[in-house]
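Chemist: Sharing a structure with you now.
The values are calculated or read from the model by the stated rules, or taken from the named source; none is laboratory data. Computed from a prediction, not measured in an experiment: that's the story for all the values here. All Cβ positions, even for glycine, are placed from backbone atoms using ideal geometry, and neighbour counts span all protein chains on display.
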Amino acid sequence: MIPNVLTVAGSDSGGGAGIQADLKTMLALGVHGMSVLTAVTAQNSLGVQGAWELPVEAVRAQYRSVVDDIGVQAVKTGMLASAELVETVAELIAGTDAPAVVDPVGVSKHGDSLLAASALDSVRTKLLPVATVATPNLDEVAQLTGVRVESEEQLRRAAAAVLGYGPRWVLIKGGHLPGDAVDLLTDGSEEHWLRAPRHDNRHTHGTGCTLASAIVSQLAKGDSVPEAVAAAKSYVTGAIAAGFALGGGIGPVDHGWRFRAGS
């Protein structure tokens, strides 16, 4: 049986991030991807021109439709724009017997806000506590905890601050720091430092969505959290290296790079 994985996220009309990136990643990693759409964005390589969130009833109906009939081996969350949506999705995940990867999406690659300020407390108190793994970048760490990271040594402090809200594991993504791409995965007792060379490629749209989707795919296949994150880091590093120009701005990572590498 192919594992079933559910992404609860927004749509990126440009195809580089959001639901589109999630489903491409899941296909590339050999799981069956399913989706609960939380918002529609008008988005391209230059930025987000508009965003419209779906009603809570529509989000709940999509989730129940998939989980009650098909079932899921793992769930991933992305863009949840409002406090009401965050709380609804957290409640749904809490009632689902499957690991959950929470990508606390706050801003887009172009700096556009994708999370209402009023929703931050709901992310802290409702969503993070149900996460098997939370995957904030440094901007999201600052947004959620007030901790600002400017060096690799400060990643531990950031991780401790996020773990304080209740996720079992946290992956602090250090991609915004200079030097190698260094991430810290920890549950508060064990630490895993993940390093990859930094590729000189500006086309990195969708990196966060892709990494979280790769982690959740590996968890659905039975990997432990450290195994899943290591495999996901390897996959996303290749996708960044193969990122390509699209439109006039920041292009996407290449979700299908392994297919082309093997051809």
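Conditions (1) over 16 Å from the mean Cα position of the chain (by Cα); (2) at pLDDT 95 or above, marked per residue:
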{"site": "Thr207", "(1), (2)": "no, no"}
{"site": "Ala212", "(1), (2)": "no, yes"}
{"site": "Ser224", "(1), (2)": "yes, yes"}
{"site": "Ala228", "(1), (2)": "no, yes"}
{"site": "Ala231", "(1), (2)": "no, yes"}
{"site": "Ile250", "(1), (2)": "yes, no"}
{"site": "His255", "(1), (2)": "no, yes"}
{"site": "Gly262", "(1), (2)": "yes, no"}
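Chemist: Of the residues Thr204, Thr210, which single one is surrounded by fewer than 24 Cβ atoms within 10 Å (Cβ to Cβ) and in contact (Cβ under 8 Å) with a residue 60 or more places away in the chain? Walk me through it before giving the result.
Modeler: On the way: Thr210 fails: surrounded by fewer than 24 Cβ atoms within 10 Å (Cβ to Cβ).
Going through Thr204, Thr210 in turn, the sole match is Thr204.
Chemist: A follow-up question, please. Got a number for residues in segment 233-263 being among the hydroxyl-bearing types (Ser, Thr, Tyr) and either free of Cβ contacts under 8 Å to residues at least 40 places away in the same chain or touching a Phe, Trp or Tyr at 6+ places or on another chain (Cβ under 6 Å) (or both)?
Modeler: Restricting attention to segment 233-263, the residues satisfying the condition of being among the hydroxyl-bearing types (Ser, Thr, Tyr) are 234-235, 237, 263.
Imposing the further condition that a residue be either free of Cβ contacts under 8 Å to residues at least 40 places away in the same chain or touching a Phe, Trp or Tyr at 6+ places or on another chain (Cβ under 6 Å) (or both) reduces the set to 234, 263.
Of the residues in that region, 2 qualify.
Chemist: Here is a follow-up. What about Gly251, is it loosely packed, with under 14 Cβ neighbours inside 10 Å, out of contact with any Pro (no Cβ under 9 Å at 6 or more places or on another chain), among the small types (Gly, Ala, Ser) and over 27 Å from Glu153 (Cα atoms)?
Modeler: Numbers: loosely packed, with under 14 Cβ neighbours inside 10 Å: no; out of contact with any Pro (no Cβ under 9 Å at 6 or more places or on another chain): yes; among the small types (Gly, Ala, Ser): yes; over 27 Å from Glu153 (Cα atoms): yes.
So Gly251 does not fit the description; no.
Chemist: Please tell me if Ala58 is more than 26 Å from His192 (Cβ to Cβ) and part of a helix (DSSP H, G or I). Don't jump to the end; show me each part of the working.
Modeler: Numbers: more than 26 Å from His192 (Cβ to Cβ): yes; part of a helix (DSSP H, G or I): yes.
The answer is yes for Ala58.
Chemist: Which pairs have Cβ atoms under 6 Å, sit 6 or more apart or on different chains, and link a residue in segment 170-181 that is within 18 Å of Leu144 (Cα to Cα) to one that is surrounded by fewer than 13 Cβ atoms within 10 Å (Cβ to Cβ)?
Modeler: Final answer for the pair search is none.
Chemist: Shifting gears a bit: Need the failing condition index for Asp12 against (1) among the charged types (D, E, K, R); (2) modelled with pLDDT of 95 or more; (3) farther than 15 Å from Ala214 by Cβ; (4) surrounded by fewer than 24 Cβ atoms within 10 Å (Cβ to Cβ), just the number.
Modeler: So the condition that Asp12 fails would be (4).
Chemist: Tally up the residues in segment 16-40 that are of a type outside the set (A, V, I, L, M) and either touching a Leu at 6+ places or on another chain (Cβ under 8 Å) or assigned to a strand (DSSP E or B) (or both), please.
Modeler: Narrowing segment 16-40 to residues of a type outside the set (A, V, I, L, M): 16, 18, 20, 22, 24-25, 30, 32-33, 35, 38.
Of the ones still in play, those that are also either touching a Leu at 6+ places or on another chain (Cβ under 8 Å) or assigned to a strand (DSSP E or B) (or both) are 16, 32-33, 35, 38.
Qualifying residue count, segment 16-40: 5.
Chemist: Check segment 100-113 and report whether any residue there is among the small types (Gly, Ala, Ser), at pLDDT below 95 and touching a helix residue (DSSP H, G or I) at 6+ places or on another chain (Cβ under 6 Å).
Modeler: The initial filter retains those residues of segment 100-113 that are among the small types (Gly, Ala, Ser), namely 100, 106, 108, 111, 113.
Checking the rest, the ones that are also at pLDDT below 95 come to 106, 108, 111, 113.
Restricting the remaining residues to those that are touching a helix residue (DSSP H, G or I) at 6+ places or on another chain (Cβ under 6 Å) gives 106.
There is at least one residue in segment 100-113 that is among the small types (Gly, Ala, Ser), at pLDDT below 95 and touching a helix residue (DSSP H, G or I) at 6+ places or on another chain (Cβ under 6 Å).
Chemist: Assess whether Ser217 counts as being in contact with a Leu (Cβ under 7 Å, 6 or more places away or on another chain), over 22 Å from Leu177 (Cα atoms) and crowded, with 24+ Cβ neighbours inside 10 Å.
Modeler: Taking the combined requirement at face value, the residue satisfies it.
Chemist: Please state which one of Gly50, Gly95 is modelled with pLDDT under 95, exposed (fewer than 15 other Cβ atoms within 10 Å of the Cβ) and not acidic (Asp, Glu).
Modeler: Gly50
Chemist: Filtering segment 15-30 down to residues that are touching a His at 6+ places or on another chain (Cβ under 7 Å) and either polar (S, T, N, Q) or surrounded by fewer than 24 Cβ atoms within 10 Å (Cβ to Cβ) (or both), which residue is farthest from Arg202 (Cα to Cα)?
Modeler: That would be Ala28.
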